[in-house]
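The values are calculated or read from the model by the stated rules, or taken from the named source; none is laboratory data. Bear in mind that the values here come from a model prediction, so they are computed numbers and not experimental data. Glycine also receives a Cβ, built like all others from the backbone with ideal geometry; neighbour counts cover every protein chain displayed.
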Amino acid sequence: MRKGFHEPAEKPRRFYKSVEAVEDDGGFGIALDSRRLRTPKGLPLVLPTRALADEIAGEWAAQGETIEMAQMHATRLANTAIESVPQAREATADSVANFAGSDLLCYFAEDPQSLLQRQQAAWEPVLQRAEAELGLSFVRAAGIVHQAQPEASIEKVRALATSLDDFALAGLAFCVALYGSAVLGLAVQRGWLTGEEAFDLSRLDETFQEEKWGVDEEAAERTARMRIEAQMLDRWFKALVAA
């Protein structure tokens, strides 16, 4: 019987036995048996540090009979860093700066007061550190009505993003999209917060609602998937600066 039009394609079967991080072309690659791993477009998958190569090798070693690419977050991010970011650095930095223009951490609840107090206690230290250490000044807003942010801060975020290498820039762009916050993305990239701590800060509103009304099963599954990505991003940035 032929596959129906909407049936998913078969997942690729595991074709290798051993996985090893190896020195390769001035960096580190992944050997699947004796075969070097490449990106989907056929480019050599060369990582800047052994720690990052070990992270990606671990994903390939953990695969079972079939390869679950959707669960290989570091591998997919590395593919993006190699294939896409070099040709789109300006656009990628722009995407990070766009989040600074409507940063999640700048939108505080009008009510209830208990949520506002929780946000202020959790978000203000991060915003204040961004201002003190990075010169990023943001206007706080109440409610969901858009609040324009200082152009100087948006341009500074763009410059910070542009200054990163392709792997760090790819990770930062992933971060800000996951958290809805350029400030949280920079906090993780710079080691102020772990990926999971930043994720929890980005979900203060949702957590407050869950405490009040309970947890929806589908939403919980989505949150769990996003938390795994946040944990990977923490390891990603730590691996990029590992000796």
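Just one of (1) under 29 Å from GLU151 (Cβ atoms); (2) at pLDDT 95 or above; (3) out of contact with any Phe, Trp or Tyr (no Cβ under 6 Å at 6 or more places or on another chain); (4) of a type outside the set (Ser, Thr, Tyr) trips up LEU105, so point out which.
(3)
Quick one: ASP111 ticks every box in (1) under 18 Å from ALA177 (Cβ atoms); (2) more than 18 Å from the chain's Cα centre (by Cα); (3) at pLDDT below 95 except a single one, so which number is it?
It is condition (1) that ASP111 fails.
Out of all the residues in segment 29-70, which are in a loop (DSSP other than H, G, I, E, B) and surrounded by 15 or more Cβ atoms within 10 Å (Cβ to Cβ)? Break it down stepwise before answering.
Step one: list which residues in segment 29-70 are in a loop (DSSP other than H, G, I, E, B), which gives 33-34, 37, 39-43, 45-46, 48-49, 62-65, 67-68.
Matches in segment 29-70: LEU37, THR39, LEU45, VAL46, PRO48, THR49, GLN63, ILE67.
Within segment 203-231, count every residue that is touching a Phe, Trp or Tyr at 6+ places or on another chain (Cβ under 9 Å), closer than 30 Å to VAL46 by Cα and among the hydrophobic types (A, V, I, L, M, F, W, C).
2
Of the residues ALA148, ALA161, which is exposed (fewer than 14 other Cβ atoms within 10 Å of the Cβ), touching a residue at least 12 places away in the same chain (Cβ under 8 Å) and either of a type in the set (S, T, N, Q) or not assigned by TED's automatic domain parsing to the domain that holds LEU37 (or both)?
On the way: ALA161 fails: exposed (fewer than 14 other Cβ atoms within 10 Å of the Cβ).
When all the criteria are applied, what remains is ALA148.
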